[in-house]
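The values are calculated or read from the model by the stated rules, or taken from the named source; none is laboratory data. For clarity, every value in this text was computed on a predicted model and none was experimentally measured. All Cβ positions, even for glycine, are placed from backbone atoms using ideal geometry, and neighbour counts span all protein chains on display. For the accessible areas, the whole protein counts, side chains as well, though only heavy atoms, and no ligand, DNA or RNA atoms are used. Shrake-Rupley method; radii C 1.70, N 1.55, O 1.52, S 1.80 Å.
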Amino acid sequence: MPEHKPSESEPFEHKPQRGWVAVEEFLTQTVVHPDAGLQRAVQSATDAGMPPIEVTPNAGKLLKLLVQLSGARRVLEIGTLAGFSAIWMAQGLPDGGRLLTCEFLTKHAEIARANVAAAGLEDKVEVRVGPALDTLAALYSEGHESFDFVFIDADKENNSNYLDWAIRLGRPGTTVVLDNAVWEGAVVDPSIDRINAPGIIGALELLGSHPQLDATVIQTVGSKGWDGFALARVR
Ligand code: DHB
Ligand code: MG
């Protein structure tokens with residue numbers, strides 16, 4: 001049987017397998033333990049009809065641990081959605097730590113702010129609305145203190161631009177995490193998703209060639225299908 005190749009007009013879909021989802025749920029309950037504030041954030045996104053594309057709980061906990069392990073005090077997030085990953089990362093910040101997250105849609109930003117407040121983190125988290133490229137340029141011209149940790153999880157077309165900004169707004173030693181680095185294998189078969197694959201592949205090429213980046217990519221499976229994340233350090 002010929003391999004199924006969706007047409008360009010067909011929406012791209014991540015395809016989780018049942019066993020991956022069962023293991024993810026087991027790990028979430030046994031190891032990860034998302035608290036009530038995090039559970040509220042996911043529920044609010046569902047209630048508002050937002051796409052269910054937030055990071056999985058085990059990935060969110062990894063972000064929190066990476067924030068803690070890197071000793072980050074200034075965190076930048078590109079792509080807020082309902083604030084689930086922002087809450088995880090903010091939970092890893094020390095006293096006086098701050099997280100700034102960029103969201104394109106006003107409606108999403110309002111939901112995220114409510115979730116951040118319900119999680120008791122409003123003193124630590126700022127949601128900025130608008131195209132992230134505008135917010136990032138503004139942060140640069142404002143001379144914002146350099147960021148210690150950057151999480152990129154927004155429109156995939158701009159992944160390479162966001163990596164450039166992470167370097168400019170970071171410092172040597174800044175940690176960069178980029179979500180959706182495998183995208184159901186589209187990185188080796190762009191015909192799977194002609195819209196998003198080029199931005200993801202371009203970012204991987206930049207991660208592997210930029211003189212100021214040292215990077216790896218870990219593949220993942222679970223409720224969001226076959227995907228992965230890139231972890232990089234700014235030189
Ligand atoms: C989509 C976006 C994401 O950031 C993600 O983790 C999964 C899916 C999407 O746009 O479909
Ligand atoms: Mg993502």
Please pick out the residue among PHE12, PHE26 that is part of a loop (DSSP other than H, G, I, E, B), hydrophobic (A, V, I, L, M, F, W, C) and farther than 18 Å from LYS124 by Cβ.
PHE12
Options GLY71, GLY60, GLY83: the member that is buried (at least 19 other Cβ atoms within 10 Å of the Cβ), of a type outside the set (D, E, K, R) and at positive phi
GLY83
Which number in (1) open to solvent by 20 Å² or more (accessible area, probe 1.4 Å); (2) free of Cβ contacts under 8 Å to residues at least 60 places away in the same chain; (3) within 16 Å of ligand 2 (Cβ to nearest atom) marks the one condition that ASP134 misses?
(3)
The condition from (1) over 16 Å from ARG233 (Cβ atoms); (2) within 14 Å of ligand 2 (Cβ to nearest atom); (3) open to solvent by less than 30 Å² (accessible area, probe 1.4 Å) that GLY185 misses is numbered (2)
Find the strands (runs of 3 or more DSSP E) located wholly in the range 44-158 whose residues include 2 or more that are away from ligand 1 (no atom under 16 Å from the Cβ), and list them.
74-78, 98-103, 125-129
Residue satisfying all of: in the range 210-235; part of a loop (DSSP other than H, G, I, E, B) and open to solvent by 40 Å² or more (accessible area, probe 1.4 Å); nearest to ligand 1 (Cβ to nearest atom) among these
LYS224
Of (1) in contact with a helix residue (DSSP H, G or I) (Cβ under 6 Å, 6 or more places away or on another chain); (2) in a loop (DSSP other than H, G, I, E, B); (3) within 16 Å of ligand 1 (Cβ to nearest atom), ALA181 satisfies every one except (1)
